[in-house]
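A short worksheet on the structure shown next.
The values are calculated or read from the model by the stated rules, or taken from the named source; none is laboratory data. All figures in this text were calculated on a predicted structure; none of them were measured in a lab. Neighbour counts are summed over all protein chains in view; Cβ atoms, including those assigned to glycine, are modelled from backbone coordinates with ideal geometry. With ligands, DNA and RNA removed, areas are computed over all heavy atoms of the protein, side chains included. Shrake-Rupley method; radii C 1.70, N 1.55, O 1.52, S 1.80 Å.
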Amino acid sequence: MYLQPEDLLKIVLAVLVGGLIGIEREYRDKAAGFRTLIFICVGATLFTILSVRLAGDNDPTRIAASIVTGVGFLGAGVILRDGGRVIGLTTAAAIWLTAALGVGLGGGLYALVGVSTVLALIVLWVLPFFEHRLDNLWEERTYEIVCALAPEKVAELEHLFAQNKLRVKTHRLTRSGGEMTLNLLVRGPLKGHEKVLEQIFARDDVHTCHY
């Protein structure tokens, strides 16, 4: 069987689509970058083409359905835990989406893949700006404050956070000799965090403060 012109078109488009999404991931120095996403998109396209050609009278979606499972394992490999944060979720989602676009190209759904690619690029390039602005407006921090042993200071410090429109979600108090360590999980506007730090560092009874 000879190579059909439409098959070549699908492979070229898969390289283009995977490359467009991969450029953004490569620019942000993520685990799955330019070449990786091209391979994922081309691979998904090939699997879809082959599933139709090799299925015969059987269900042609069986091979294509296996792509979802395989890509799921691949995406899980880029999700990591960094301290209290989970990183790599966007890259894993990009891998999953790129594979879906490859399946669409393999099935000849060019218009659907084109619209989806444009929307994905908008999400990847434009929305991070708004996401950054939102993070600056509302942030969650963990404070570790070491001060002289005095139980009444706990209420004073929590009141200090409340005055700056910050909400204390959890707190834990430990004692060591003549000092106590107060761990606070605090959520609120960035300006409130900056103001409360200035006020904490200005207190003579606070020995150290980390966040």
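The residue that is nearest to Leu137 (Cα to Cα), counting only those in the range 151-166 that are open to solvent by less than 100 Å² (accessible area, probe 1.4 Å) and charged (D, E, K, R), is Glu158.
Within the range 1-14, residues that are farther than 13 Å from Gly108 by Cβ sit with their Cβ atoms under 9 Å from residues that are at pLDDT below 90 and open to solvent by 80 Å² or more (accessible area, probe 1.4 Å), at 6+ positions apart or across chains, in these pairs: Met1/Arg53.
The lone criterion from (1) surrounded by 15 or more Cβ atoms within 10 Å (Cβ to Cβ); (2) under 25 Å from the mean Cα position of the chain (by Cα); (3) touching a residue at least 40 places away in the same chain (Cβ under 8 Å); (4) under 30 Å from Thr45 (Cβ atoms) left unmet by Trp125 is number (1). Considering the range 167-193, the residues that are of a type in the set (D, E, K, R) and either exposed (fewer than 11 other Cβ atoms within 10 Å of the Cβ) or assigned to a strand (DSSP E or B) (or both) include one that is nearest to the chain's Cα centre (by Cα), namely Arg187.
Tell me whether the range 113-128 contains one or more residues that are under 18 Å from Pro189 (Cβ atoms) and not β-branched (Val, Ile, Thr). No: zero hits.
Hey, does the range 135-145 have a residue that's touching a Cys at 6+ places or on another chain (Cβ under 6 Å) and at pLDDT 85 or above?
Yes - at least one qualifying residue is present in the range 135-145.
Conditions tested, residue by residue: (1) open to solvent by 80 Å² or more (accessible area, probe 1.4 Å); (2) modelled with pLDDT of 85 or more; (3) in a strand (DSSP E or B).
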site: Arg53; (1), (2), (3): yes, no, no
site: Arg62; (1), (2), (3): yes, no, no
site: Gly114; (1), (2), (3): no, yes, no
site: Leu119; (1), (2), (3): yes, yes, no
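Residue count for the range 1-21 satisfying the condition of being under 22 Å from Leu124 (Cβ atoms) and open to solvent by less than 80 Å² (accessible area, probe 1.4 Å): 8. When you check Arg133 against the structure, is it more than 30 Å from Glu6 (Cα to Cα) and surrounded by 15 or more Cβ atoms within 10 Å (Cβ to Cβ), yes or no? Spelling it out, it is not the case that Arg133 is more than 30 Å from Glu6 (Cα to Cα) and surrounded by 15 or more Cβ atoms within 10 Å (Cβ to Cβ).
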